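Everything on this sheet refers to the single structure shown next.
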Amino acid sequence: MMKKLIIYLSLLSAPFIALADYNDVSLTSSAIISVGGMTLNVDGESSVVESIVVSASSFTVNLLENSLFSVTSADRYTLSSDAPIGNITSNQCADVSKLSLSATSTQAVIITPSTTVCSVNIGSGGGGGSSGSGNPSTPVTTTSTGSGGGGGGIVATPTASSATTQTSSTSSLQNQIAALLAQVQLLQAQLGIVSIGSGTGFVFSRNLIVGSTGADVKNLQKVLNSDSDTQIASSGVGSPGNETTYFGSLTRTAIQKFQVKYGIAGPGAPGYGVFGPKTRAKMAEVSKLKGF
C-alpha cells in the first residue's frame with residue numbers, strides 16, 4: 001500500500017527529510033528529500049508549488065501557473081528533468097549542482113537525479129578554448145581543454161541539438177547587448193546627458209527570482225525606481241542612480257508594489273512577487289512609456 005505523508009513546512013523550524021519512497025509532500029517552503037539514497041534540497045515559492053511525489057528513482061513536482069522551483073544537490077549529482085527547455089531557467093554545476101524551473105502554466109515535472117557527479121576541468125596553457133553549451137535540462141560535463149597561444153579555456157561536450165545551441169547563443173547575445181546599453185547609459189549620465197534612454201523600452205527575455213544576476217536585473221531596477229510608488233530604495237544601494245545587477249529582497253518587494261499598482265497580482269495570489277511573463281510584459285511596456 002502506498003504510504004502518504006503530508007508535510008506543512010511553514011510550521012517547522014528546521015528542514016524536514018522525506019526518506020520513504022512513494023510519499024506525497026505538500027510544499028509551502030524549502031525541504032530536504034531523499035531519492036534513491038541521494039539527499040536533495042528542494043525550494044519553491046509559497047502557495048504555488050502544490051506537491052511533490054517521491055518514487056524510488058525520481059520525483060514529480062506539481063507546479064502551478066507562474067511558480068518557481070529549484071532542486072540542489074550538495075554532492076553535485078547530475079539533475080535532469082522532462083520540463084520543456086523554455087521552462088528551465090538554469091541547470092548549473094559548480095560547488096553544488098542546481099536545477100531551476102519556472103512554470104508559465106500548471107504542469108507536472110519529473111526530476112531524475114543520477115549518482116553521476118558533474119565535474120569541470122579548467123584548461124591551462126596557451127590559446128583560448130571556448131566554453132560550449134548543451135541542453136539546459138542536463139548539466140554539461142567538460143572533457144577537454146583549450147590550447148594555443150593565450151589563456152586557457154574550457155571545452156564542453158555538446159549534448160543538445162543545433163536548434164538548442166542557437167537558442168542559447170541568441171540569449172547570450174541579448175545579454176551582451178543589454179550590458180552594452182547599460183554601459184552607454186552610464187557614460188551618458190556621467191557626461192551630463194539628460195536623455196539616457198533609447199525610447200524603445202527594455203526587453204526582458206527571462207523570468208527573474210531572488211538571487212538572479214545580470215544587466216536585465218539592473219534595467220528592471222531602473223524602471224521600478226522611475227516611479228515613486230515602486231521605488232526600491234530612497235538612498236544607498238538600489239536607489240535611483242545606484243541600481244545593481246543583483247535581484248534581492250528589496251527588488252522583490254518593489255515588484256510586489258508594481259504588481260498591485262497595475263492589477264497583476266496581490267498579496268496571497270499565485271505569482272505575487274514573481275517576475276514572470278505577465279509582469280515582464282507590463283514592465284517592458286512601462287519602460288517604453290517612460291522613455292528607456
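The numbers here are math on the coordinates, done by the rules we state, and not lab data. Just so you know, these numbers come straight off a predicted model, no measurement behind them. Backbone-built Cβ (ideal geometry, glycine too); neighbour counts: all protein chains shown.
Couple of notes before you dig in:
- Neighbours of ILE32 by Cβ distance under 15 Å: Lys/Arg scored +1, Asp/Glu scored -1, total -1.
- Cβ-derived FRET efficiency at R0 41 Å, ASP82 paired with ASP229, nearest 0.05: 0.50
- With a cut-off of 17 Å on the backbone N, the residues of the stretch 70-86 near the modelled label site 7 Å out from ASP95 along Cα-Cβ are 72-77.
- Counted charge near VAL260, where neighbours are those whose Cβ lies closer than 14 Å (Asp, Glu -1; Lys, Arg +1): +3
- Local electrostatic count at VAL286 - Lys and Arg +1, Asp and Glu -1, tallied over other residues with Cβ under 12 Å: +3
- Signed unit charges on C-beta, dipole axis of the stretch 191-292, positive-most listed residue LEU224, GLY273, GLY241: GLY273
- Exceeding the 32 Å Cα-Cα cut-off - candidates LYS98/LYS218; LYS218/LYS261; LYS98/LYS290: LYS98/LYS290
- Cα gyration tensor shape of the stretch 164-289, rounded if a/c is under 1.5, else prolate or oblate by comparing a/b with b/c: oblate
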